[in-house]
Structure formats: structure tokens, C-alpha cells
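Before any comments, here is the structure.
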Amino acid sequence: MTGPDMNAPIRKFAAVLTAAVATGGLTACVGAFNPETDPTSPVAPRVQALVDANREYPRWADFPKSLEPEPEPAQIAAQVNTLRVTGGALTGEVSRIEWTLNEDPAAFAQGVQARIDATPVAPVTQETAAEIEEFARRTRERGRAPPPVPRR
């Protein structure tokens, strides 16, 4: 056999093997849904009584009812239409945004730097930056390893 038919037996074997493994895995899980209590255990009667008493719990009837009334179909339709209108307006706003930079990147960077430079910086901010640098310098100094201890 040559060509595309050569892999057909391998695919069939793989499919059968996958099905067998999946079936075996599901069969192994069945025991987890029907656990048995060890009858020689001293607490076995109490455990079995609790299991039997709570076998049907929880039931849908035990869950609390919703306090809010269900919305009418007309209310849901109105909310959906509101979302559609809002989405359309948002799409219009997004379409007006210029998403690409059509100018020279260097000129754009210079413009941004000019806007930053035009914004006054408070002297307190400048002092704070200097204090941070001084703190970092002192911390680096303290972080140096001590000189080696003479071994003689």
C-alpha cells in the first residue's frame, strides 16, 4: 500500500484505541458516584444514616425564589434596542478616531516632548525626585558586601 490509503489502518486503530481508553476512563468514574461505607468502621451506621437522610438534597424547591419579578418580553426588547442604538453610536465615534499616525514619528515625538516641557513642574516634585535619588544612592551604599574577614 502506498499513498493516502496507507495511513487509514493507523487512523482506525487510533480511533478504536481512543474509544477504548475513554470508555475505560468513564467506567472508572462510575465507582465515585456510588461510594460505600466500610461496614467495619465504628461510625458506619451514623454515616449511612446521614447519607440516607440527605440523599435527595439539594432540590430546586429548597432554593430561594428570586425577589425581582421576571421582566416582560417588551422590556427585554426595549433594552436590546437600547444596546443596539448605543452600540451604533459607539461605532460612529470609533470610526471618527484617527487610528494611524500619518506624520513623521520624530516630529510627533518632538511635539509630545514640547507639550511635556510646557507643563510646569512644581518645585516640590523636583525636590522629591532628588530625595528619591539620594535615598537610592544611600541604599546602594548600605547594600554593599562587607570586606572579607582575614582568615589568619
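The values are calculated or read from the model by the stated rules, or taken from the named source; none is laboratory data. All values reported here derive from a predicted model rather than from experimental measurement. Cβ sites come from the backbone with ideal geometry, for glycine too, and all protein chains shown count toward neighbours.
In table form, for the structure just shown:
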read-out: Checklist (1) surrounded by 10 or more Cβ atoms within 10 Å (Cβ to Cβ); (2) over 28 Å from Glu36 (Cα atoms) applied to Val51, failing item; value: (2)
read-out: Enumerated helices (runs of 4 or more DSSP H) restricted to segment 50-152, each holding at least 3 residues that are touching a residue at least 40 places away in the same chain (Cβ under 8 Å); value: none
read-out: Among the candidates Leu101, Leu17, Leu26, residue that is at pLDDT below 85, touching a helix residue (DSSP H, G or I) at 6+ places or on another chain (Cβ under 8 Å) and hydrophobic (A, V, I, L, M, F, W, C); value: Leu101
